[in-house]
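*Asks:* For reference, the structure I am asking about is given below.
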Amino acid sequence: EGLMSVDYEVSGKVQGVFFRKYTQGEAERLGLVGWVQNTSHGTVQGQIQGPPARVRELQEWLRKIGSPQSRISRAEFSNEKKIKALEHTEFQILK
């Protein structure tokens, strides 16, 4: 099935609601690697890498679920591509 990489940006009430921590937990549960960080304009962005089916699961989670107190208004995905090897060793929360 191979591996894929996709970048994401989530808008809405996603800062100050443990969104990054929950995203990291969900990614680790799915066995994905990548990163997540807050942006200066109030969104959360990052990158997901792993098997396509698992990446899709996390995309769906970012689009619809998020952390318990978050309110997601929009999730955008870009730079989707097939990769030969993972470029990260874990799923990190970046400052």
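*Asks:* Closer than 14 Å to ILE72 by Cβ and surrounded by fewer than 18 Cβ atoms within 10 Å (Cβ to Cβ): which single residue out of GLY12, GLY31 fits that description?
*Replies:* GLY12
*Asks:* Continuing with the same structure: Only one of these conditions is not met by GLN47: (1) under 14 Å from LEU94 (Cα atoms); (2) open to solvent by less than 40 Å² (accessible area, probe 1.4 Å); (3) without any contact (Cβ under 8 Å) to a residue 40 or more places away in the chain; (4) not hydrophobic (A, V, I, L, M, F, W, C). Which number is it?
*Replies:* Answer for GLN47: the failing condition is (3).
*Asks:* How many residues are in contact with a strand residue (DSSP E or B) (Cβ under 6 Å, 6 or more places away or on another chain) and assigned to a strand (DSSP E or B) when one looks only at region 39-52?
*Replies:* Initial filter on region 39-52 (in contact with a strand residue (DSSP E or B) (Cβ under 6 Å, 6 or more places away or on another chain)): 39, 43-49, 52.
If we keep only those that are assigned to a strand (DSSP E or B) too, we end up with 44-49.
Of the residues in region 39-52, 6 are in contact with a strand residue (DSSP E or B) (Cβ under 6 Å, 6 or more places away or on another chain) and assigned to a strand (DSSP E or B).
*Asks:* Would you confirm, using the coordinates I've provided, whether GLY25 is part of a helix (DSSP H, G or I) and surrounded by fewer than 18 Cβ atoms within 10 Å (Cβ to Cβ)? Don't jump to the end; show me each part of the working.
*Replies:* Working: part of a helix (DSSP H, G or I): yes; surrounded by fewer than 18 Cβ atoms within 10 Å (Cβ to Cβ): yes.
When the stated conditions are applied, GLY25 passes them.
*Asks:* Next question, about the same structure. Considering (1) of a type in the set (D, E, K, R); (2) under 20 Å from GLU1 (Cα atoms); (3) surrounded by 19 or more Cβ atoms within 10 Å (Cβ to Cβ), say which one ARG20 fails and leave the rest.
*Replies:* Unmet condition: (2).
*Asks:* Please work out which one of (1) in a helix (DSSP H, G or I); (2) touching a residue at least 60 places away in the same chain (Cβ under 8 Å); (3) within 10 Å of the chain's Cα centre (by Cα) is the condition VAL10 fails and give its number.
*Replies:* Condition (1) is where VAL10 drops out.
The values are calculated or read from the model by the stated rules, or taken from the named source; none is laboratory data. Because the structure is predicted, anything quoted here is derived from the model rather than measured. As a convention, Cβ positions derive from the backbone with ideal geometry for all residues, glycine included, and neighbour counts pool all protein chains shown. Accessible surface areas use protein heavy atoms only, side chains included; no ligands, DNA or RNA. Shrake-Rupley method; radii C 1.70, N 1.55, O 1.52, S 1.80 Å.
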